[in-house]
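Scroll down for the structure; my scribbles are underneath it.
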Amino acid sequence: MNKRVLFVDDDPNLLRGLNRQLRKKYEVFTAVSGEDALAMMADQGPFAVVVSDMQMPEMDGAEFLSQAKQQNRDTIRIMLTGDAGQATAIEAVNSGEVFRFATKPCPIEKLTPLIDAGIEQYRLITSERSVLTKTLGGSVGVLTELLSLNNPVAFGRTGRIRSLAKRFAPLMPEVEAWEVELAAMLFPIGSMSVPESLLVRAASGESLTNAERDQLDSQAAVASRLINKIPRLKSVAKIVAYQAKAFDGTGSPKDNVSGEAIPVGARVLKLLLDFDALTEAGMEESRAVAILSGKKGQYDPDILELLREMIGVDYVIREIHIGQLEDGMLLESNLCTEDGEVLLARGRYVSPLILERLQEFKRSRPVKKIIQIRELRQTTVSTSKDETPVPA
């Protein structure tokens, strides 16, 4: 259990006293300013609890706790202040979402129950996230794998979008990364209500009637309604519902929601979907970002700036024999039969289920032997004979 507690106060003597009295019960860290505490959270976190004084020079406790929340939303925040006024309490709670509020001086026998409650709250939050990301996330992964095997056209993008979401997550620690990742896996589920022939035509750039475009636009709403029925995924359902909503409020759904009122996960997902569409059409990542930047009002400018930072990560593409496919590899090309039928679309991650299904296909019909995979450039690529494509 994480029992790391960070105390922030501009009085060094008080901090020394807290360290001396509490170091046997907790793993104690101290900082004499909000700036120092934020740097410590970045370098030595995560902390289960942060306890901050309100009245500090340069950065007061309310501002510090607000920034601490953005840096690590799981860390539990406790405010101590000599000013017991209602305005101070309201500011602290509203700006930093403070878990507990106490006046100074606060005796150790009253402070420790507050910290213990904070540590328990931190344990509950992190335990719930573990359940969501591992148990629920694993179940969603199996579901999307099964759907992709039966509808590779619709689910071909999920692996790429999920990979982009994972790359993007460290740039926005205030965003629930698991929500965006699950939305990236589930966003095409509404396509099950659309004929596959229409999806193929849309993907190939053919002209569509207004009725056909309306049918395609309805996918997000259908997906959102389905996802909303899964316990604990209401926030993911809302992200999917607003995946096509522009920052200026245009797009789908047609309502009055715009700007920061759009779920932040939806703002991220829309940008990643449009970025992926351009790069998959053959455009370089830097050029794709330039194109997206020129679409005024479409994207959250702050998230667009983070995308510029993210594209510093490069990929390499290599060819392998299908017998060398392994769990976790990302397909760069479609996995097809010899007569051109798509069995698994590019952009999917290889899984044990996919490997097992591939063996079944190989026994019943000829499958193309050479396939392309995508890896991070920093991944070491062996040049040994074992890594060269095996002849058909």
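The values are calculated or read from the model by the stated rules, or taken from the named source; none is laboratory data. Worth saying up front: this structure is predicted, and the values here are computed from it rather than measured. In this analysis, Cβ positions are derived from the backbone assuming ideal geometry, glycine residues included, and neighbour counts consider all displayed protein chains. To get the accessible areas, we keep the full protein, side chains included, count just its heavy atoms, and leave off ligands, DNA and RNA. Shrake-Rupley method; radii C 1.70, N 1.55, O 1.52, S 1.80 Å.
Among 221-231, 177-187, the peptide with the highest mean count of other Cβ atoms within 10 Å heads the list, and the full ranking is 177-187, 221-231. The 3J(HN,Hα) values that the Karplus relation (6.51, -1.76, 1.60; θ = phi - 60°) gives for the range 65-73 are, in residue order, 5, 5, 6, 5, 4, 5, 6, 8, 5 Hz. Gly and Pro appear as x.
Calculated FRET efficiency, LYS166 to ILE108, Cβ-Cβ distance, R0 = 51 Å: about 0.75 to the nearest 0.05.
For LYS369, go through the lysines and keep the ones whose alpha-carbon is under 20 Å away, minus same-chain ones fewer than eight residues off. Within the straight-line limit of under 20 Å, LYS369 reaches these lysines: LYS385.
Return a whole-number percent for the relative contact order of the chain, with Cα pairs under 8 Å and 6 or more residues apart as the contact set.
Working: 587 pairs, mean separation 42.6, N = 392.
About 11 percent, as a whole number.
What label, among (i) 32, 30, 19; (ii) 47, 25, 19; (iii) 46, 29, 15, belongs to semi-axes √(5λ) of the Cα gyration tensor in Å computed from the structure on display? Matching entry in (i) 32, 30, 19; (ii) 47, 25, 19; (iii) 46, 29, 15: (ii). Candidate cross-link partners of LYS25 among the aspartates and glutamates, defined by an alpha-carbon separation under 15 Å and a same-chain spacing of 8 or more, comprise GLU109, ASP116, GLU120. Taking every alpha-carbon pair in the range 182-250 and binning the separations at 5 Å intervals from zero gives 3, 17, 24, 21, 19, 11, 3, 1 percent. On full extension, the segment bounded by ASP74 and ILE230 gains 53.8 nm, given 0.36 nm per residue less the C-alpha separation. Pick from MET310, MET59, MET79: which is most flexible by mean-square fluctuation in a GNM of the chain where alpha carbon atoms under 10 Å apart are linked? Of the options given, MET59 has the highest mean-square fluctuation. With all protein chains in place and ligands, DNA and RNA left out, the 1.4 Å accessible area ranks ILE370, ILE108 as ILE370, ILE108, largest first.
In the context of the full set of protein chains, residues of the chain present 50 Å² of accessible surface per residue (probe radius 1.4 Å, heavy atoms only).
In sequence order, the range 170-176 has phi-based couplings of x, 7, 10, x, 7, 9, 6 Hz under the Karplus curve 6.51 cos²θ - 1.76 cosθ + 1.60, θ = phi - 60°, and Gly or Pro positions carry x.
Placing +1 on the Cβ of every Lys and Arg and -1 on the Cβ of every Asp and Glu, with no other charges, gives the chain a dipole of roughly 1080 debye about its Cα centre. Here the range 185-324 exposes an accessible surface that is 52 percent carbon and sulfur, computed with a 1.4 Å probe and the other protein chains kept in place. Estimated purely from DSSP H runs of n ≥ 4, each contributing -39500 (n - 2.57), the mean residue ellipticity at 222 nm for the chain is -14500 deg cm²/dmol once divided by its residues. In order along the range 112-120, phi translates into HN-Hα couplings of 4, x, 5, 5, 4, 5, x, 5, 5 Hz, rounded to whole numbers, per the Karplus curve 6.51 cos²θ - 1.76 cosθ + 1.60 with θ = phi - 60° and x for Gly and Pro. Can you flag which of LYS166/LYS296; LYS238/LYS270; LYS245/LYS270; LYS69/LYS229 are past 18 Å Cα-Cα? Cα-Cα > 18 Å for LYS166/LYS296; LYS69/LYS229; rest within.
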